[in-house]
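To start, the structure itself, in structure tokens.
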Amino acid sequence: HAKGLGRNEAAYFTPDMSEAVDSRINLESELMVALQEDQFSAYFQPRVDVQTGDIHGAEALVRWLHPERGMISPADFIPACEDSGLIGKLGKFVLTQAVIAQRCWAENGHTLKISVNLSPVQFVAETLVEDFIQIVEDNGGDPHSMELEITESVLLGNDQATINKLQALVDYGFHIAIDDFGTGYSNLSYLHRYPISCLKIDRSFIAQIESAQPIIELIISMARLFDLDVVAEGVETAAQLQALKAYDCQEYQGFFYAGAVALGDFTALLDCDGAAAA
Ligand code: C2E
Ligand code: MG
Ligand code: MG
Ligand code: MG
């Protein structure tokens, strides 16, 4: 590739950069091995009722347990999955785990909503809709209790093929949430143009809940106006939860209640939740 560059440009290709390219290629091949060798798992973070503290649902978050390097954060490998096309397979894996978990909870008397992150890159696949329907059908899932989290960028692209896929997913029964809401170039016209059911307030606003109060309250009233659910992300303190109660926010996620945990640990949380309510 470097051959194609002009003289001057080639001069900028430093050893540092070739190391970065090498480590990127290594990462991509390690990710392929990781998929084959089942090093990925889905963790679940509770989605909690702000007023009552009851668990209403869960977000499935992928984890990579690397044989030497231990647990690796998705922030460090999702971009490489998107660049290499592996995100399609990874996304289907996480959706499958989410359907299985949701069914298992339902069979134990807990009807929970499960949400799964959907990368903009996954919309490139012609078979996205069929693949997702197949996964739900094959695993006895219920699309009406499932939510797909997309970012504003997916809608702002205004790509007709993407919008058609989104609509087909909604027609099948999936709900759609806007993740990290408030951080994109919010052109809010999409709120009435597209079939959205939930806004997830980005955790950067919750981290600065005092100065961000007007924005948070605005998002919550907008959600009410458009008849959408609203979830606050990244709640870490009792004071933040208290403020969200006062703003009449519906649900939250955050370390204050629990981070993302393995399936068994989530089920244990549910049992405690049930016991506390009884
Ligand atoms: P996200 O979808 O916005 O998920 C929320 C992230 O915030 C998660 O990080 C979660 O563990 C973290 N978090 C939750 N509560 C708190 C809190 O109280 N304080 C702080 N500081 N952080 C909190 P995680 O699991 O590292 O995931 C990071 C991002 O990676 C996700 O952001 C999502 O964009 C992406 N991601 C994770 N799993 C998947 C997946 O299966 N597919 C795709 N496409 N993306 C994924
Ligand atoms: Mg998310
Ligand atoms: Mg989020
Ligand atoms: Mg986020």
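The values are calculated or read from the model by the stated rules, or taken from the named source; none is laboratory data. Small disclaimer: the values here were computed from a predicted structure and weren't measured. Positions of Cβ are generated from backbone atoms using ideal geometry, with glycine treated the same way; all protein chains shown enter the neighbour counts.
Of the conditions (1) buried (at least 19 other Cβ atoms within 10 Å of the Cβ); (2) of a type outside the set (Phe, Trp, Tyr); (3) assigned to a helix (DSSP H, G or I), residue 144 satisfies every one except a single condition; which number is it?
(1)
For region 178-243, list the helices (runs of 4 or more DSSP H) that sit wholly inside it and hold at least 2 residues that are of a type outside the set (A, V, I, L, M) and within 16 Å of ligand 2 (Cβ to nearest atom); which are they?
Hits in region 178-243: 203-207.
Quick one: how many residues across region 147-163 are assigned to a helix (DSSP H, G or I) and either among the polar types (S, T, N, Q) or within 16 Å of ligand 2 (Cβ to nearest atom) (or both)?
Going through region 147-163 one residue at a time, the tally reaches 6.
Looking at (1) more than 18 Å from residue 267 (Cβ to Cβ); (2) surrounded by 21 or more Cβ atoms within 10 Å (Cβ to Cβ); (3) not hydrophobic (A, V, I, L, M, F, W, C), which is the one condition that is false for residue 102?
Going through (1) more than 18 Å from residue 267 (Cβ to Cβ); (2) surrounded by 21 or more Cβ atoms within 10 Å (Cβ to Cβ); (3) not hydrophobic (A, V, I, L, M, F, W, C) one by one, residue 102 breaks only (1).
Within region 244-253, how many residues are surrounded by 21 or more Cβ atoms within 10 Å (Cβ to Cβ) and part of a helix (DSSP H, G or I)?
1
Across region 126-158, what is the number of residues that are farther than 21 Å from residue 199 by Cα and either modelled with pLDDT under 95 or among the polar types (S, T, N, Q) (or both)?
Of the residues in region 126-158, 3 are farther than 21 Å from residue 199 by Cα and either modelled with pLDDT under 95 or among the polar types (S, T, N, Q) (or both).
Pick out the one residue from 72, 55 that is surrounded by 20 or more Cβ atoms within 10 Å (Cβ to Cβ), of a type in the set (A, V, I, L, M) and either modelled with pLDDT of 95 or more or closer than 20 Å to residue 24 by Cβ (or both). Reasoning before the result, please.
Details: 72 fails: surrounded by 20 or more Cβ atoms within 10 Å (Cβ to Cβ).
The match here is 55.
Please go through (1) within 16 Å of ligand 4 (Cβ to nearest atom); (2) within 30 Å of residue 170 (Cβ to Cβ); (3) hydroxyl-bearing (Ser, Thr, Tyr) for residue 52 and return the number of the only condition it doesn't satisfy.
For residue 52, the failing item is (1).
Checking the condition of a type in the set (Lys, Arg), at pLDDT 95 or above and more than 15 Å from ligand 4 (Cβ to nearest atom), which residue from 200, 165 passes?
The match here is 165.
Considering only residues of region 241-267 that are over 22 Å from the mean Cα position of the chain (by Cα) and over 21 Å from residue 197 (Cβ atoms), which is nearest to ligand 4 (Cβ to nearest atom)?
Taking the candidates together, the pick is 243.
For region 105-127, how many residues are surrounded by fewer than 17 Cβ atoms within 10 Å (Cβ to Cβ), in contact (Cβ under 8 Å) with a residue 24 or more places away in the chain and among the hydroxyl-bearing types (Ser, Thr, Tyr)?
The total comes to 1.
For region 180-194, how many residues meet the condition of being in contact with a strand residue (DSSP E or B) (Cβ under 8 Å, 6 or more places away or on another chain) and under 16 Å from residue 216 (Cβ atoms)?
Adding up the residues that qualify gives 3.
Identify, please: which residue in region 128-140 is in contact with a Lys or Arg (Cβ under 9 Å, 6 or more places away or on another chain) and closer than 14 Å to residue 175 by Cα and is, among those, surrounded by the fewest Cβ atoms within 10 Å (Cβ to Cβ)?
Looking at residues that are in contact with a Lys or Arg (Cβ under 9 Å, 6 or more places away or on another chain) and closer than 14 Å to residue 175 by Cα, I get 129.
Pairs needed: first member in region 170-185, touching a residue at least 24 places away in the same chain (Cβ under 8 Å); second member anywhere, in a helix (DSSP H, G or I) and away from ligand 2 (no atom under 16 Å from the Cβ); C-beta distance under 6 Å; at least 6 residues apart or different chains.
The qualifying pairs are 172/133; 172/143; 173/143; 173/144; 174/143.
Could you tell me how many of the residues in region 164-177 are surrounded by fewer than 18 Cβ atoms within 10 Å (Cβ to Cβ) and either within 16 Å of ligand 2 (Cβ to nearest atom) or among the aliphatic types (A, V, I, L, M) (or both)?
Total satisfying the criteria: 2.
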